[in-house]
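Report on the structure given below.
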Amino acid sequence: MSEMAAGLGRPIRVVLFGGGPTLDRGAAQFLCRLELHPDIEFLGAFCQSQSQTIFGLIEDRWRRRRFLAGPLLLAELASLAGRFLTRPGAEVALRRRLARCANRIHYLPDIHAQGVLERVRALQPDLGLAYGSPILRPELFEIPRFGTLGIHHGKVPEYRGKKTTFWAMYNGEATAGVTIQKINAGLDRGHVVKEGEALIGRRTLGRVWQELEALGIELYLEAILEVKNGRATYRPQAGRTGKLYRDPKLRDLLVFWWRRGRIHFRSRRDPA
């Protein structure tokens, strides 16, 4: 079903809702694409975070992952260093683009605070966009004229919750998915606007995730432009509703790497 009878005759005005002490790489890339697109007017980003210092980053990881926080931070630093070594030009360009719109990126302790709601209303956005945000409440996601879209790196309704690419691979699925949905009061229960998937096979979690992240950004941009042009369609989720996934624990990680290691070993022993 369509929610817009006619398109906008101007760039669509969007706000981004995020979370964490820093924008993760996917959200940063997405923000830069919004900023550069001629048919999109990026009004600002509102990210929920208690602190943007290195200590705030450590505290955030510890609160969410406890004893896995240290290894995960080291992995993030190693990934960042690897990108600067292999593609320094792309990384520098990304940082420069972010710097140009830094005055429109706001980190706030509570994005549902009354003052924040008033600031978002004053911008008069056409569309809200969630990327890595906390669970949004109706008083925020209903402010934009056409509501708020969100990206979920998982197939719905089978894979709801956190780290669903990991869990799809853990469960031995053939593919992992990414979904653009219209946010409602349910967790990953919104109507689907766009969806796609990536083959898993013998590939690593990193490679599958990178493909899904890039695909998700393209689908997200397509969805925004369809809203702008009055062609967006929203379909209810269909199929078996899966459980609500959480962050994997250490045992889950060990089982995962054991299973993926066996797949890799078999592929080397029998390439065909």
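The values are calculated or read from the model by the stated rules, or taken from the named source; none is laboratory data. Here the structure is a predicted model, which means the values were calculated and not measured. Cβ atoms come from the backbone with ideal geometry, glycine included; neighbour counts cover every protein chain shown.
Only one of the numbered conditions (1) within 22 Å of ALA28 (Cβ to Cβ); (2) surrounded by 14 or more Cβ atoms within 10 Å (Cβ to Cβ) is not met by ARG207, and that is (2). Number of residues in the range 83-141 that are more than 26 Å from GLY190 (Cα to Cα), in contact (Cβ under 8 Å) with a residue 60 or more places away in the chain and part of a helix (DSSP H, G or I) equals 5.
I'd like to check something: does the range 214-235 contain any residue that is assigned by TED's automatic domain parsing to the domain that holds GLY161, farther than 24 Å from GLY128 by Cα and touching a Phe, Trp or Tyr at 6+ places or on another chain (Cβ under 9 Å)? For the range 214-235, residues assigned by TED's automatic domain parsing to the domain that holds GLY161, farther than 24 Å from GLY128 by Cα and touching a Phe, Trp or Tyr at 6+ places or on another chain (Cβ under 9 Å): absent.
Scanning the range 177-184 finds no residues that are outside any helix (DSSP H, G or I), more than 22 Å from GLN237 (Cα to Cα) and over 16 Å from the mean Cα position of the chain (by Cα). Within the range 241-262, restricting attention to residues that are of a type in the set (D, E, K, R) and over 18 Å from LYS162 (Cα atoms), the residue that is surrounded by the most Cβ atoms within 10 Å (Cβ to Cβ) is ARG260. Residues in the range 215-233 that are within 19 Å of the chain's Cα centre (by Cα) and either more than 17 Å from HIS37 (Cβ to Cβ) or assigned to a loop (DSSP other than H, G, I, E, B) (or both): 1 in all. Within the range 142-189, the set of residues being touching a Leu at 6+ places or on another chain (Cβ under 9 Å) and free of Cβ contacts under 8 Å to residues at least 24 places away in the same chain comprises just one member, ARG145. Flag: ALA168 matches the condition of being more than 15 Å from the chain's Cα centre (by Cα) and of a type in the set (A, V, I, L, M). ILE200 meets each of the listed conditions (1) over 17 Å from GLY128 (Cβ atoms); (2) over 16 Å from the mean Cα position of the chain (by Cα); (3) surrounded by fewer than 18 Cβ atoms within 10 Å (Cβ to Cβ) apart from (3).
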